[in-house]
Amino acid sequence: MTKSYKTVLVEIKDGIGKVSFNRPEKKNAMSPQLHRDRAAALQDLKYNDEARVVVLTGVGESWSAGMDLKEYFYELRDKPKEWEQVRLIANSWMTDALQNYPKPTIAAVNGWVFGGAFVPLISCDLAIALADAKFGLSEINFGLIPGGTVTRMLIDMLRPRDALYYILTGRSFDGRKATEIGLVNYCVDTLDDLWAEINDLGKELCGKHPVALQLAKELYRNSRRMDYQQAYDYSIAKVAQLTELEKGEWYDQGIVRFKKGEFRPGMGHYDRGKNV
Ligand code: ACO
Ligand code: V55
């Protein structure tokens, strides 16, 4: 059973856990309550074995319109302690919790993505968008700058010209442009196509060894901060860890089955059966 939250909807089907921002009447703006719910929901799914892949999306026509400008900024203006508390929760789920998530995460971008919502978007491993979804760093339009970790995340994800262009102009762009600049993997024309793609991709990832997926993510994210020698040494340690945690499955199944000519790894994974 999945828990229920006021501002977040959690569903699990066929190995895919779906966590939806659920304040459609406010375009899924992230209020303090939503930050708390989101943090808790991701934590729950982390330990729920039924969810092998996690999809982040929004109820209604918005993915998320960013920080709730009223509840997060205006109403907490004179409450520095409360604001700090909310800021820390927000930063921890949008950055640490998502980036170090042990399962693959996919953003299904069904609509608006503004400002602070770029953080969870970029923190997801993969992203597929509607071609007509709209993205924007709107901070400059109301006299703010992309704060929190927004700017830092843009540095990792975009080319300098693109990052500064959108930071300084606050202009919005669509899913096609988001694909062109590498903010999402690709885009599709309709909501039906979006969910067909998400389900295909989710299903494919559910067929891989979960430990290999988890360690592949860790190796990628941690190697970014290392030089070649460190990354090499770290990868050797990770492969040893993988072999132990998988109980040698990559040798005994992966390589042995390849040797027997049972499958071609270049063309897809071997069938891991129901619950190996
Ligand atoms: N914070 C608080 N409330 C919001 C937010 C937000 N970020 N975004 C939308 N809402 C609310 C609106 O105030 C409105 O509430 P109301 O019905 O009580 O008046 C409701 O959501 C619906 O929004 P509309 O503006 O009526 O919807 P519309 O389709 O015309 O426009 C759009 C949608 C473009 C997303 C517009 O709402 C908008 O510009 N929102 C702000 C986007 C933004 O700049 N976000 C902050 C980024 S900066 C940061 O995150 C640090
Ligand atoms: C912003 C975002 C923040 C924050 C202050 O993008 C400003 C603006 C994501 O958190 O704390």
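From the residues in region 226-259 that are among the charged types (D, E, K, R) and part of a loop (DSSP other than H, G, I, E, B), which one is nearest to P210 (Cα to Cα)? If we take residues in region 226-259 being among the charged types (D, E, K, R) and part of a loop (DSSP other than H, G, I, E, B), then E246 is nearest to P210 (Cα to Cα).
The condition of being at positive phi and touching an Asp or Glu at 6+ places or on another chain (Cβ under 7 Å) does not hold for G143.
Of all the listed residues (D189, D193, D174), the sole one being more than 16 Å from ligand 2 (Cβ to nearest atom), touching a Lys or Arg at 6+ places or on another chain (Cβ under 9 Å) and charged (D, E, K, R) is D174. The set of residues from region 119-142 being closer than 22 Å to E84 by Cβ and either near ligand 2 (Cβ under 9 Å from one of its atoms) or assigned to a strand (DSSP E or B) (or both) comprises V119, E139.
Only one residue in T105, T57 is touching a Lys or Arg at 6+ places or on another chain (Cβ under 7 Å) and more than 12 Å from ligand 1 (Cβ to nearest atom), so which one is that?
Among T105, T57, only T57 is touching a Lys or Arg at 6+ places or on another chain (Cβ under 7 Å) and more than 12 Å from ligand 1 (Cβ to nearest atom).
When the test is whether a residue is within 21 Å of G207 (Cα to Cα), surrounded by 11 or more Cβ atoms within 10 Å (Cβ to Cβ) and touching a residue at least 40 places away in the same chain (Cβ under 8 Å), R257 does not pass it.
Quick check on region 143-161: of everything there that is within 10 Å of ligand 2 (Cβ to nearest atom) and within 20 Å of the chain's Cα centre (by Cα), which residue is surrounded by the most Cβ atoms within 10 Å (Cβ to Cβ)?
P146
Computed from the coordinates by the stated procedures, all read-outs in this text should not be read as laboratory data. What you see is a predicted model, and the numbers here were worked out from it, not measured in a lab. Counting neighbours? That spans all protein chains shown, and the Cβs are built from the backbone with ideal geometry, glycine included.
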